[in-house]
Amino acid sequence: MEMTRIAKRLSFVGIVGNILLSAFKLYAGILGKSGAMVSDAVHSLSDVFATCIAYFGVIMSKRPEDREHPYGHERMECVAAIILAVMLALVGGGIGYSGIMKIMSGENLKVPGMLALVAAIISIATKEWMYWYTRAVAKKINSDALMADAWHHRSDAFSSIGALIGIGGARLGFPIMDPIASLFIFWFIAKAALDIFKDAIDKMIDRSCDEETEKHIRECVMKTENVIGIELLKTRIFGNKIYVDVEIKVDSIYTLEEAHLIAKAVHNTIEETFPKVKHIMVYLTPGIRE
């Protein structure tokens, strides 16, 4: 419930902020005769839809397990992140195409006004603040969808830097710098989209944890009393949670009930030490203590 409330507040700030910023940048781009700023305004407007998708992804992922989804709904955040990545790629592609067409035609290369330059500076400051704010919340509630949304804000800040360079160059006597800035914006958007997409796909196909995390899990298991070895350890990332399968070796002198208590201790220790671990399966193999 607390996570839902935090995500709702963040989404409200993001949606209102992006609508106001988009309107201002679009006005500045049209009045200031800057194609780069208009492109940047479109990018900011896409953030409104991105924030909505991220919010619903968080809400859906927090739904409890049910009969049809016994493992929960965590992967809904991955789905939301993939949708965000596709949206970013489409927006970036449109901006890049527009920039290329203007460069190739060599027409309508106007010198942007001062208002467009001011809008770029305001956009950089605003979007960078939104990036850090969203990133902090995403880390607090461990949300992949909100982290993707944070990078959406960061890509917008980068695109505004590109617009600033392009507008500044055009005002210094190089009008072609304005459409070139659109290509710069496209590159940052495309890279952000690819990174978000790759991370979401990795989590959708049960990628294992990194070596450092698995090393810590092994150490945690071996510290449990009466565990004399680890035969097998498998991990998989399920949405923003971790599933663990571990096969431990215990001395064969223990009764079934005693061995079960050792396995339960391993389960509880992992669960208490690693908050991201949602499910643990502990298997037993008899052995001889050396």
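For residues in region 24-44 being over 29 Å from the mean Cα position of the chain (by Cα) and among the hydrophobic types (A, V, I, L, M, F, W, C), which is nearest to GLY93 (Cα to Cα)?
Among residues in region 24-44 that are over 29 Å from the mean Cα position of the chain (by Cα) and among the hydrophobic types (A, V, I, L, M, F, W, C), the one nearest to GLY93 (Cα to Cα) is ILE30.
Among the residues of region 139-147, is any at pLDDT 80 or above, surrounded by 24 or more Cβ atoms within 10 Å (Cβ to Cβ) and hydrophobic (A, V, I, L, M, F, W, C)?
There is no residue in region 139-147 that is at pLDDT 80 or above, surrounded by 24 or more Cβ atoms within 10 Å (Cβ to Cβ) and hydrophobic (A, V, I, L, M, F, W, C).
I need the full set of residues from region 281-290 which are open to solvent by less than 60 Å² (accessible area, probe 1.4 Å) and at pLDDT 90 or above, in order please.
VAL282 - this is the single residue of region 281-290 that is open to solvent by less than 60 Å² (accessible area, probe 1.4 Å) and at pLDDT 90 or above.
Could you count how many residues in region 223-236 are surrounded by 15 or more Cβ atoms within 10 Å (Cβ to Cβ) and outside any strand (DSSP E or B)?
Summing the residues that are surrounded by 15 or more Cβ atoms within 10 Å (Cβ to Cβ) and outside any strand (DSSP E or B) in region 223-236 gives 2.
Can you give me the number of residues within region 248-280 that are open to solvent by less than 80 Å² (accessible area, probe 1.4 Å) and free of Cβ contacts under 8 Å to residues at least 24 places away in the same chain?
4
Of all the residues that make up region 190-222, how many are at pLDDT below 80, open to solvent by 40 Å² or more (accessible area, probe 1.4 Å) and in contact with a helix residue (DSSP H, G or I) (Cβ under 6 Å, 6 or more places away or on another chain)?
1
Can you find, within region 238-247, the residue that is nearest to PRO275 (Cα to Cα) among those that are in contact with an Asp or Glu (Cβ under 7 Å, 6 or more places away or on another chain) and part of a strand (DSSP E or B)?
Ranking the candidates gives LYS241 first.
Given the criteria within 30 Å of LYS264 (Cα to Cα), more than 18 Å from the chain's Cα centre (by Cα) and assigned to a helix (DSSP H, G or I), does LYS215 qualify?
yes
Does region 163-189 hold any residues that are open to solvent by 40 Å² or more (accessible area, probe 1.4 Å) and under 23 Å from the mean Cα position of the chain (by Cα), and which are they?
PHE184, PHE186, TRP187, PHE188
The values are calculated or read from the model by the stated rules, or taken from the named source; none is laboratory data. This is a predicted model, so every value here is computed, not measured. With ideal geometry, Cβ positions are generated from the backbone for all residues, glycine too; neighbour counts draw on all protein chains shown. Just so you know, the surface numbers come from the protein's heavy atoms only, side chains and all, with ligands and any DNA or RNA stripped out. Shrake-Rupley method; radii C 1.70, N 1.55, O 1.52, S 1.80 Å.
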